[in-house]
Each structure stands twice: as structure tokens, then as C-alpha cells.
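Here the structure comes first, spelled out in C-alpha cells, and everything after it is commentary.
The values are calculated or read from the model by the stated rules, or taken from the named source; none is laboratory data. Bear in mind that the values here come from a model prediction, so they are computed numbers and not experimental data. Every residue, glycine among them, receives a Cβ derived from its backbone with ideal geometry; neighbour counts consider all protein chains shown. Accessible surface areas use protein heavy atoms only, side chains included; no ligands, DNA or RNA. Shrake-Rupley method; radii C 1.70, N 1.55, O 1.52, S 1.80 Å.
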Amino acid sequence: MLRRIADHLFWAFRNLERAEWRARLAQVNYQLLIETPPRNLPPWEPLLAIFNEREEFLALYAAPDEASVLNFFTLDSRNPNSIRNCINVARNNARALRHDLSSELWLDLNTLYLAAQQWTPEVFRSPGVFAFFAELKDSFYRIAGIRQSTLPRDLAYDFMEIGMMLERAEDVSRMLDAKYHFLLPRLEDVGGAVDLLQWTAVLRSASGLEAYRKRFGSAIAVSNVVEILLFDESFPRSVRYSIERIETSLRRIAAGAPEKSPAAAAAGKLLEEIRTGRPAEIIQGGLHQFMLHIQDSCAEISDLVFQEYLKAV
């Protein structure tokens, strides 16, 4: 496969995954604000914390109020990671390969792109914040279903998968880190109603609440949330599931190559750490540090993928 094609596939679906996570988190944050308005911080600042974009935001806006954060997070062309910009990048990369994609996949992705060009701040008033992001999330579900149902499992699919799963693993780790490190309530609130509602929101963000209840019941425990979002091998939005898919795809791409793949080796190393990890040990040793380690490891894998397969030579 040409490096140019692999590069387009990787970035198209990584940006699509990034846009979906931002839509998920915005919708859940809005619902959480209705249930439990925060006491000690601006209500929309958690979204900036999760993606480490507070400095970029404050360079453009005076304060993290609802209108400003939603505009920055969703619409602002000056923010390279706004949902609209991510959709633009995904569509423009896919456009270069439209004949290598299924017609159904290209049509749905292009339809989402055209809709995004028409978004204005009015969409947050009508149909409203929750309805807008719910509809947007359904669009991502539809595209994901079409991708899985219409594309052959070849090298092209592997590069899509690597881009998506790297983004997913990083975003899950950022979300857990923001809750545990940035949104940690006062000591006397730990285990209380607000704390548990926030952990429930974390599960909702990953569409994992039902899966959690099926495995652990209705009681929310931090160690169990960490278990399902980090270490569960069957939940499709867990970090372990994502890294396993990355490692499988990289080994398939490298099959037959005369030398071992550094990217596949790095993914295998991280996967082994996650397979042998235990929630209680990770929390006791420092969940924040482990989340940073996952993000650094994902960045390393991404850099190695670029050097091996995507960089123009």
C-alpha cells in the first residue's frame, strides 16, 4: 500500500473518532450540569480540561461560559480540534480515496460534512444542546456501522482501525484522568451523590453504563469503573480492547516484513502492561500517572506508525 493512501486512511478515521468523542462528552456534560451544577468551577471547563485546551481557549475567549465553550469546542475554525474541523479533515482525507471506500460510506461521511458547514450557534438553541449532540452521535454510529458492514478487512481497514483506536485509547484515558485528577470533589464528598453521578457520567460518555451494570450491578465503585474502561477485554471502548486492536492490525501489516515492527513492539509492550494491571494497584499507585503513561505510550506508537508507514520518503 502506498504511504499516501495509508496516511489518508489513518487521519480520516482518527479525526472522525476525535469528533465523536467530543460530541459524546459535550452531551454528557450538559446532562450532568442539569442534574448537579458544579460548586467550585465554571460548569463547562471540564471539557477544556479533558482535552487540555484551556490555554488555547483563553487566548480566544474571555471566560469558559456555555456559549463560548460550545462554540470553541464545536464550531470554531480557529480551533484545529473543533468538531467541525475534525469532520472537515476526515472528509478531505477520505475524498482523496473515495474510490477505495464503499459508496455508502463516502455518501454518509460527505453528508455529515455538508451538514457541518451549515452549523451556527443557533443549533444550541434550536434543536438545543442535548438534541444537537444526540443527533450528531447517531450520525457517527451510522458511519461506524457502514464502515464495519461494507469494507473488506484488508490493509486499508487496518490503518483506519489504528487511527481510530489510538484516538479512542487516548480519549478514554484523558476522560478518566480529568474526573479523578481535575474534578475530584472535596474529600468529604468522595463516595457521595455528586461523586457517583460524575462517575456515572464517565460511563455514559463511553456508552458503558449498561455494560457496567450487567457486570457489576447498579452500585458505582471507582475501581469497577477503572476495570471496565481500562482493563476489560470485551468492552469495545476500553483501553485494553483498543490497544489489542492496534497491536493486531500492526502485526498483520508487518507480516512478511524482513524486520520486526517497532510500532507493533511498542503496542505489544503497552498491551502487556494493561493485561497484567489491576485497578486497585493502579489507583493506589496513582491513577493520574498511569493515565499519563497510557497517553505517552499512545503518542509513541503514533510516532512510530508515522515513521514506519505514513512518512513520505
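Spatially, segment 227-270 and segment 114-185 are offset by 21 Å when compared through their Cα centroids.
When the Gaussian network model of the chain links Cα atoms closer than 10 Å, the mean-square fluctuations of PRO258, PRO152, PRO80 top out at PRO258. Adding -39500 (n - 2.57) for every DSSP H run of four residues or longer, then dividing by how many residues the chain holds, sets the calculated 222 nm ellipticity at -21500 deg cm²/dmol. For segment 260-277, the Karplus equation 6.51 cos²θ - 1.76 cosθ + 1.60, evaluated at θ = phi - 60°, returns couplings of 5, 8, x, 5, 5, 5, 5, 5, x, 5, 5, 4, 5, 4, 6, 4, 9, x Hz by residue, with Gly and Pro reported as x. Checking every one of the GluC sites (Glu not before Pro) in segment 190-236 against DSSP loop status and a limit of 12 other Cβ atoms within 10 Å picks out GLU233.
Rounded to the nearest 0.05, the FRET efficiency derived from the C-beta distance between GLN289 and ALA219 at R0 = 35 Å is 0.85.
Quick note on segment 78-236: its Rg to Rh ratio, both from C-alpha atoms and Rh being the Kirkwood radius, is 1.01. A Cα-only calculation for segment 33-104 places Rg and Dmax at 16.1, 52 Å.
Full extension of the chain between ASN52 and HIS99 gives 13.3 nm of extra length, using 0.36 nm per residue less the Cα-Cα distance. When the alpha carbon gyration tensor of segment 18-144 is reduced to an equivalent ellipsoid, the three semi-axes, largest first, read 28, 16, 12 Å. Multiplying the residue separation of ARG4 and ALA59 by 0.36 nm and removing their Cα-Cα distance gives an extension gain of 16.4 nm. At the residue level, ASP65 shows approximately 70 square angstrom of accessible surface with a 1.4 angstrom probe and all protein chains present. List the pair-distance distribution P(r) of segment 183-313, using every Cα-Cα distance, as the percent of pairs falling in each 10 Å bin from 0 up to the bin containing the longest distance, rounded to whole percents. Taking every Cα pair in segment 183-313, the percentages come to 11, 36, 30, 16, 6, 1. Fully extending the segment from GLU273 to ASP154, taken as 0.36 nm per residue of separation minus the present Cα-Cα distance, adds 40.0 nm.
Taken per residue, the accessible surface of segment 123-274 reaches 44 Å², heavy atoms only and a 1.4 Å probe.
Shown here: Kirkwood radius over Cα pairs in Å, derived from the displayed model; of the candidates (1) 20.2; (2) 21.8; (3) 22.3, it corresponds to (1). For segment 70-146, evaluate the Debye formula with one uniform point scatterer on each Cα (no solvent term) and list log10 I(q)/I(0) at q = 0.12, 0.15, 0.17, 0.22 Å⁻¹, rounded to two decimals. The Debye formula, applied to the Cα set alone, gives -0.34, -0.53, -0.67, -1.04. Springs join every pair of Cα atoms under 10 Å in this Gaussian network model of the chain, and among ASN92, ASN110, ASN52 the largest mean-square fluctuation is at ASN52. For the chain, the relative contact order is 23 percent, taking Cα pairs closer than 8 Å that sit 6 or more residues apart in sequence and dividing their mean separation by the residue count.
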